[in-house]
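The values are calculated or read from the model by the stated rules, or taken from the named source; none is laboratory data. Since the structure is predicted, the reported quantities are computational estimates derived from the model, not experimental observations. All Cβ positions, even for glycine, are placed from backbone atoms using ideal geometry, and neighbour counts span all protein chains on display. The area values use the complete protein model at the heavy-atom level, side chains included, leaving out ligands, DNA and RNA. Shrake-Rupley method; radii C 1.70, N 1.55, O 1.52, S 1.80 Å.
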Amino acid sequence: MVSAAVGLYLSVPFCKAKCSFCNFASDAFAPSRMEGYVERLCAEIRGARCRAEQMGATLERAADSIYFGGGTPSLLEPEHFVRIFAALREEFDLAKDTETTLECAPGQLADATLDELLRQGVNRVSLGVQSFVDREAAAVGRLHTGTACEGEIARLQSAGIENIGIDLIAGLPHQTEVSWRESVARAVARGVKHVSVYMLEVDEESRLGKEVLEGGTRYGAREVPSEDDAAAWYEVGCEMLGEGGVLQYEISNFACAGYESRHNTKYWRRQPYIGFGLDAHSMLPADAYAVRFQNADDLDVYMSGDKQAPLKMLRHDHCAEVRRVGREEAFEESLFLGLRMNAGVDLRVLRDAFGESMVESVIPAVHEAREAGFVVLDGDRLRLTLRGRMASNEVFSRLLVTSAA
Ligand code: SF4
């Protein structure tokens, strides 16, 4: 794994209401729990170096990205951010140009909080719009209108935050191709620099997904478009965003040139990152290749860690999983995560890192995938085609079978 400045992720799982499609560990937890949560989070940050050592992992002091996700971190009080940033600055040397992102729900960022965030160096906001069409947003429990989203973008821009990203979901209840085009067009018209496009996930983990799977009618489950429609709209979205200068750089992510997310790119390039808070994930370099670990996804379990004694925060008290990533797994991760990006992977770099025979083991499957139109191989540079991006899981499993053989 390339040694690089670490990315810092802070999970803040508090939301005003739980959206029906959401399968994160976030919830409408009582705001009275925020104070204790922030205390716990700061203790975890201060104990991070010790925890990394106990796992045999390396945690550099240099950091160049901070990402507040969740949840709706904008719901924290200004004073909470003062404490969190103080803990981060104690433990890490933040680069001058650190990319500092706050996830925010439109209409849920108080003026005083925004002022404090600007003082602390927040320079990027990711707004959970999902849809600019009021009927669709309301159907899944979003508390905003399209006009309110546009107003929020303008407010942030005039506060000096030019790096604004939004999330959109293809496949929401009541969505049509016309309404999907409207959402994408309104995003482009507002001059946002980054757009993440997700397909609605229909799984047991969300109320809406469960209802769809069980054939129920609640949460607009009967109005969820077909997967084929959502996939076609994703393609429409790629085209419209590209025409608007917001170019695809990863399967779900699009940005104006120079505005690709530095923090998220660490995930796809397997650069080190550490997550703090509920259900946060981390990957740090370790003796052989890497160690991945993940915090508990139950708030009570996470909170049960000892707030006063960070040195005692051994992995068993709030860590759901610790996994060592060996050579083979690290190779597969490099291949599959790298292929998520439009730039693809450089097989020469993989050969240098993992050896000729490891790369050779996937070459027959690469050729098959190329014949099927899923990938292009340009010299040593391997990339997914649009078709491959639409069927990425299938492509990855073909390559996986070969490399495991
Ligand atoms: S989608 Fe965002 S705002 Fe809605 S419940 Fe999930 S984390 Fe909270």
- Item | Matching entry among GLY7, GLY36, GLY47 (being within 21 Å of ALA95 (Cβ to Cβ) and in contact with a helix residue (DSSP H, G or I) (Cβ under 9 Å, 6 or more places away or on another chain)) | GLY7
- Would you point out the residue of the range 115-132, among those that are closer than 12 Å to ILE164 by Cβ and out of contact with any Lys or Arg (no Cβ under 9 Å at 6 or more places or on another chain), that is farthest from the ligand (Cβ to nearest atom)? ASN123
- Message: Please go through the range 56-68 and give me each residue that is surrounded by 20 or more Cβ atoms within 10 Å (Cβ to Cβ), in a strand (DSSP E or B) and not β-branched (Val, Ile, Thr), ordered by number.
- Response: ALA57, ALA63, ASP64, SER65, TYR67, PHE68
- Query: Taking the range 145-167 as the search range and keeping residues that are within 15 Å of the ligand (Cβ to nearest atom) and surrounded by fewer than 23 Cβ atoms within 10 Å (Cβ to Cβ), which one is nearest to the chain's Cα centre (by Cα)?
  - Reply: ASP167
- closer than 25 Å to GLY338 by Cβ, in a loop (DSSP other than H, G, I, E, B) and more than 20 Å from the chain's Cα centre (by Cα) - does that describe any residue in the range 17-35? no
- Out of GLY71, GLY47, which single residue is assigned by TED's automatic domain parsing to the domain that holds SER26, buried (at least 21 other Cβ atoms within 10 Å of the Cβ) and under 20 Å from the mean Cα position of the chain (by Cα)? GLY71
- Tell me which residues, restricted to the range 1-27, are closer than 19 Å to PHE81 by Cα, open to solvent by 30 Å² or more (accessible area, probe 1.4 Å) and more than 8 Å from the ligand (Cβ to nearest atom). TYR9
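Is the range 28-42 home to any residue that is open to solvent by 30 Å² or more (accessible area, probe 1.4 Å), of a type in the set (Lys, Arg) and more than 16 Å from the ligand (Cβ to nearest atom)? Don't jump to the end; show me each part of the working.
Within the range 28-42, the first condition is being open to solvent by 30 Å² or more (accessible area, probe 1.4 Å), and the residues that meet it are 28-33, 35, 39.
Retained after the next criterion (residues that are of a type in the set (Lys, Arg)): 33.
Pick out the ones that are also more than 16 Å from the ligand (Cβ to nearest atom) and you get none.
So far as the range 28-42 goes, no, none of its residues is open to solvent by 30 Å² or more (accessible area, probe 1.4 Å), of a type in the set (Lys, Arg) and more than 16 Å from the ligand (Cβ to nearest atom).
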- Item | Every residue from the range 75-112 that is within 16 Å of the ligand (Cβ to nearest atom) and either outside the structural domain of ILE45 (by TED's automatic domain parsing) or part of a helix (DSSP H, G or I) (or both) | LEU75
- Message: Going by what's in this entry, would GLY69 be described as within 16 Å of the ligand (Cβ to nearest atom) and in contact (Cβ under 8 Å) with a residue 24 or more places away in the chain?
- Response: yes
- Message: Every residue in the range 204-240 that is over 20 Å from ARG135 (Cα atoms) and touching a Lys or Arg at 6+ places or on another chain (Cβ under 8 Å), please.
- Response: GLU204, VAL236, MET240
